[in-house]
Amino acid sequence: MTFSYDGSDFKGYQKQPRCRTVQGELEKVLKKINGDKEVSVTASGRTDAGVHAISQKAHFDLKEEMEPADVMKSMNSMLPDDIYIKNIEHVSDNFHARFNAIGKEYIYQINMGEYNPLERKYVYQYNKKLDVVEMQRAMKYLEGTHSFKAFVCADDVRDDYVRTLSQTNIIRDLKDVSKITLVFIGDGFMRYMVRNMVGTLIEIGEGKRRSEEIIDIISSEDRTRAGKTAAARGLFLRNVFY
């Protein structure tokens, strides 16, 4: 299943007790479609509260025999307006939306111009000029295979912090040069990793740090050496690759 959602009014993707979540809404609708039998939806990964998705992926099993197009139509007729199913297709029994993913693309949108209340949930309203050239230079130091422990939330304890960023870029909006989109493509991302990288890049754009400091931050594996966590509202999961 490929789907998009506006994360503004969700407490993140993952189901939580007494909280409105994307997974919770999907499973509630699928239970009705599946003859009132519980359905577990497994996504390619979790997104935090306020984070959006353009093309999130997930898999699920139904006991009821239905054509994918009929499932999609039924789901979209019952889901709230902030979730939309874009495509559903049959996959093999051993397919896993999370473990079979070979890469993801995240984007982060920043407005350096005048405050825009209409975009406040989707574009981070920084509203001051940034040195975009220096930020772009810093992003190139993030590319490659590294331990990204310095960019992961401090309480995220795991055995392996090594990930590969294959591509980074900053795209300017041709219609509005005060808007920039930061692009990150890699084989996997950990919790707050993109937002912590963005927070550090913003400090570089402000002139508080030099681009070369990224090298030392990575090698330190120390969260306190990186910048603040950027706001969730500018972040989108744009694609998942298989």
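Below, the figures for the structure above:
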| read-out | value |
| --- | --- |
| Those lysines that a straight Cα-Cα span of less than 25 Å connects to LYS31, excepting residues fewer than 8 apart in one chain | LYS11, LYS15, LYS57, LYS63, LYS73, LYS86 |
| Under the Karplus curve 6.51 cos²θ - 1.76 cosθ + 1.60, θ = phi - 60°, whole-Hz ³J(HN,Hα) for segment 181-187, x wherever Gly or Pro sits | 10, 8, 10, 10, 10, x, 7 |
| Backbone HN-Hα couplings from phi across segment 206-214 [Karplus 6.51/-1.76/1.60, Hz, Gly and Pro as x] | 7, x, 7, 9, 8, 4, 5, 4, 4 |
| Residue-normalised accessible area of segment 4-45, given per residue in Å² at a 1.4 Å probe | 48 Å² |
| Estimated [θ] at 222 nm from DSSP helical runs (n ≥ 4, -39500 (n - 2.57)) normalised by residues in the chain, nearest 500 | -7000 deg cm²/dmol |
| For PHE10, distant residues with modelled amide H under 5 Å away | GLY50 |
| Portion, in percent, of the accessible area of segment 99-169 that falls on carbon or sulfur, probe 1.4 Å | 49 percent |
| Three-way shape label, segment 163-242, alpha-carbon gyration tensor, a/c 1.5 | oblate |
| Whole-number percent relative contact order across the chain, with pairs defined as alpha carbons under 8 Å at least 6 apart | 24 percent |
| Overall form of segment 72-159 per C-alpha gyration tensor (a/c, 1.5; a/b vs b/c) | oblate |
| For segment 1-126, alpha-carbon Rg and Dmax in angstrom | 15.8, 53 |
| Candidates PRO68, PRO80, PRO17, ranked by Gaussian network fluctuation over the chain, Cα under 10 Å, top entry | PRO17 |
| For the chain, convex hull of alpha carbons as volume per residue, Å³ | 137 Å³ |
| Residue (of MET72, ILE110, PHE99) at the positive-pole extreme of segment 45-149, dipole from beta-carbon charges | ILE110 |
| For segment 159-242: accessible area per residue (Å², 1.4 Å) | 48 Å² |
| Amide H contacts under 5 Å for GLY188, placed H, 5+ residues apart | LYS104, THR164 |
| ARG191 versus GLU65: modelled label distance in nm, points set 7 Å from Cα along the beta carbon direction | 4.3 nm |
| Simple label model, 7 Å out from Cα along Cβ direction - THR42 to SER147, nm | 3.0 nm |
| Test item: Cα-centred dipole of segment 46-133, Lys/Arg +1 and Asp/Glu -1 on Cβ, debye | 500 debye |
| Derived scalar couplings ³J(HN,Hα) [segment 115-132; Karplus, 6.51 cos²θ - 1.76 cosθ + 1.60; whole Hz; x for Gly, Pro] | 4, 10, x, 6, 10, 4, 8, 10, 10, 5, 8, 6, 6, 9, 6, 10, 7, 5 |
| Segment 1-86 - percent of accessible surface contributed by carbon and sulfur, probe 1.4 Å | 44 percent |
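The values are calculated or read from the model by the stated rules, or taken from the named source; none is laboratory data. Keep in mind the model is a prediction, meaning the values are calculated, not measured. No Cβ is skipped: glycine too gets one built from the backbone with ideal geometry, and neighbour counts run over all protein chains shown. Ligands, DNA and RNA are stripped out before the accessible areas are found, and what is left, the full protein with its side chains, is counted by its heavy atoms. Shrake-Rupley method; radii C 1.70, N 1.55, O 1.52, S 1.80 Å.
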